[in-house]
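Okay, structure first, notes after.
The values are calculated or read from the model by the stated rules, or taken from the named source; none is laboratory data. Computed from a predicted structure; not experimentally measured. Positions of Cβ are generated from backbone atoms using ideal geometry, with glycine treated the same way; all protein chains shown enter the neighbour counts.
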């Protein structure tokens with residue numbers, strides 16, 4: 001079941017990546033940059049909505065019903081899929097539809113992981129797989145209608161995750177819990193989002209597209225990290241953490257291999273040319289360093305220390321954004337940006353470890 005959940009999450013993470021890959025073939029570079037910003041917006045909003053609707057419930061031990069899929073999320077996701085499917089008509093439909101799809105896919109996935117709803121995840125996986133496969137065929141055949149199967153696959157996946165699921169919540173978490181968790185998540189999600197604009201301003205459109213492609217390609221790890229994070233919010237598991245390290249190393253190794261063999265250049269075309277092996281290695285190291293913070297973060301959340309977590313997140317975000325802005329302005333290269341990510345993430349791991357140790361109750 002964990003492997004199924006991670007696999008279906010990987011397919012959801014591939015959706016914005018596939019949209020950018022298709023856009024790299026059919027859109028001008030400035031429009032590609034706009035799609036990259038749209039994908040960043042989707043990731044930012046999806047994190048916030050997921051935190052406000054579901055993660056806040058997991059931090060409220062008094063609630064009996066821990067998870068659900070709001071009806072408005074399902075309807076919004078279907079509408080977003082329809083808009084994305086019309087991307088070949090005008091890029092505006094992509095810019096509007098992609099973020100909405102990402103929000104609905106994220107909320108549906110959070111519910112599925114929390115509820116261990118493997119049947120709906122399997123149905124969503126089929127819809128996304130077919131959509132991605134048809135889009136790939138259309139793209140390599142130079143058929144600009146490749147957005148249609150992507151939008152249809154996303155809409156059907158959203159619909160599949162809502163079937164037989166409660167769409168109303170019984171009981172609500174406290175306003176303070178919702179506020180702190182949502183605000184904390186927004187602070188974290190703002191780091192790559194703000195970096196998107198910094199790269200666009202100081203490095204240009206081509207590097208902006210490449211930066212977003214790297215983040216989305218490394219999104220193959222997000223289902224692994226996301227699954228571990230949600231499960232650890234319930235209880236600590238050393239085996240799960242070790243498995244997360246192993247699967248992440250395998251996934252990152254696969255990405256680097258695809259880069260070295262030219263497969264990613266074949267898929268993304270000229271949009272991938274600014275990406276060097278050094279850049280990808282630094283980005284992979286940064287992703288691996290996000291794992292060690294998961295255990296202390298989850299431990300603090302389980303204790304209800306939402307304000308402590310927020311304070312730690314805020315300090316981490318300030319350091320991260322400051323370093324990446326300096327790298328963008330002073331050096332102006334993607335390797336410099338990801339070097340800043342690595343340094344900031346290493347500092348975050350140390351910070352979380354110290355904060356969790358200090359917050360840990362004494363065993364007597």
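Counting only residues that are touching a residue at least 60 places away in the same chain (Cβ under 8 Å) and more than 20 Å from the chain's Cα centre (by Cα), the stretch 80-89 holds 6 of them.
Restricting the search to the stretch 125-148, which residues are under 22 Å from the mean Cα position of the chain (by Cα) and at pLDDT below 90? Show your work before the answer.
Step one: list which residues in the stretch 125-148 are under 22 Å from the mean Cα position of the chain (by Cα), which gives 125-133, 135-136, 147.
Selection gives 125 alone.
Filter the stretch 348-364 down to the residues that are buried (at least 16 other Cβ atoms within 10 Å of the Cβ) and at pLDDT 90 or above and list them by number. If you could, list the steps in order and put the result at the bottom.
Residues of the stretch 348-364 that are buried (at least 16 other Cβ atoms within 10 Å of the Cβ), as a first pass: 348-349, 351-352, 355-356.
Hits for the stretch 348-364 are 348, 349, 351.
Of all residue pairs spaced 6 or more apart or on separate chains, those with beta-carbon atoms under 8 Å, a first member in the stretch 260-276 that is free of Cβ contacts under 8 Å to residues at least 24 places away in the same chain and a second member that is surrounded by fewer than 15 Cβ atoms within 10 Å (Cβ to Cβ) and assigned to a loop (DSSP other than H, G, I, E, B) are 265/273. Looking at the stretch 204-217, can you tell me whether even one residue there is part of a helix (DSSP H, G or I) and farther than 21 Å from residue 25 by Cβ? Looking for residues that are part of a helix (DSSP H, G or I) and farther than 21 Å from residue 25 by Cβ, one finds none in the stretch 204-217, hence no. Looking for something part of a loop (DSSP other than H, G, I, E, B), within 22 Å of residue 142 (Cβ to Cβ) and touching a residue at least 40 places away in the same chain (Cβ under 8 Å) - is there at least one such residue anywhere in the stretch 26-47? Yes, that holds for at least one residue.
In the stretch 311-329, the condition of being modelled with pLDDT under 85, buried (at least 20 other Cβ atoms within 10 Å of the Cβ) and not in a loop (DSSP other than H, G, I, E, B) is met by at least one residue. Looking across 176, 194, one residue alone is modelled with pLDDT under 90, more than 20 Å from the chain's Cα centre (by Cα), in a helix (DSSP H, G or I) and over 22 Å from residue 109 (Cα atoms). It is 176.
Within the stretch 213-229, residues that are within 19 Å of residue 268 (Cα to Cα) have Cβ atoms under 8 Å from residues that are buried (at least 22 other Cβ atoms within 10 Å of the Cβ) and at pLDDT below 70 in no pair, counting only partners at least 6 apart in sequence or on another chain. Criterion applied to 210, 283, 271, 205 was being surrounded by fewer than 20 Cβ atoms within 10 Å (Cβ to Cβ) and at pLDDT 85 or above, and the one residue passing it is 205.
Give the residues of the stretch 147-166 that are more than 18 Å from residue 12 (Cβ to Cβ) and surrounded by 13 or more Cβ atoms within 10 Å (Cβ to Cβ), sorted by residue number. Give the steps one after another, and end with the answer.
Taking the stretch 147-166 first, the residues more than 18 Å from residue 12 (Cβ to Cβ) are 148, 164, 166.
Hits for the stretch 147-166 are 148, 166.
Just a yes or no: is a residue in the stretch 256-266 modelled with pLDDT of 90 or more, assigned to a helix (DSSP H, G or I) and over 27 Å from residue 34 (Cα atoms)?
Narrowing the stretch 256-266 to residues modelled with pLDDT of 90 or more: 256-265.
Keeping just the survivors that are assigned to a helix (DSSP H, G or I) gives 256-260, 263-265.
So of that shortlist, the ones also over 27 Å from residue 34 (Cα atoms) come out as 257, 260.
Yes: one or more hits.
Restricting to the stretch 260-279, name every residue that is touching a helix residue (DSSP H, G or I) at 6+ places or on another chain (Cβ under 9 Å) and more than 21 Å from residue 29 (Cβ to Cβ). 260, 263, 277, 278 - these are the residues of the stretch 260-279 that are touching a helix residue (DSSP H, G or I) at 6+ places or on another chain (Cβ under 9 Å) and more than 21 Å from residue 29 (Cβ to Cβ).
Condition check for residue 23 on (1) modelled with pLDDT of 95 or more; (2) farther than 28 Å from residue 187 by Cβ; (3) crowded, with 24+ Cβ neighbours inside 10 Å: one failure, at (1). Only residues that are touching a residue at least 40 places away in the same chain (Cβ under 8 Å), surrounded by fewer than 20 Cβ atoms within 10 Å (Cβ to Cβ) and assigned to a helix (DSSP H, G or I) were counted in the stretch 57-77, giving 1.
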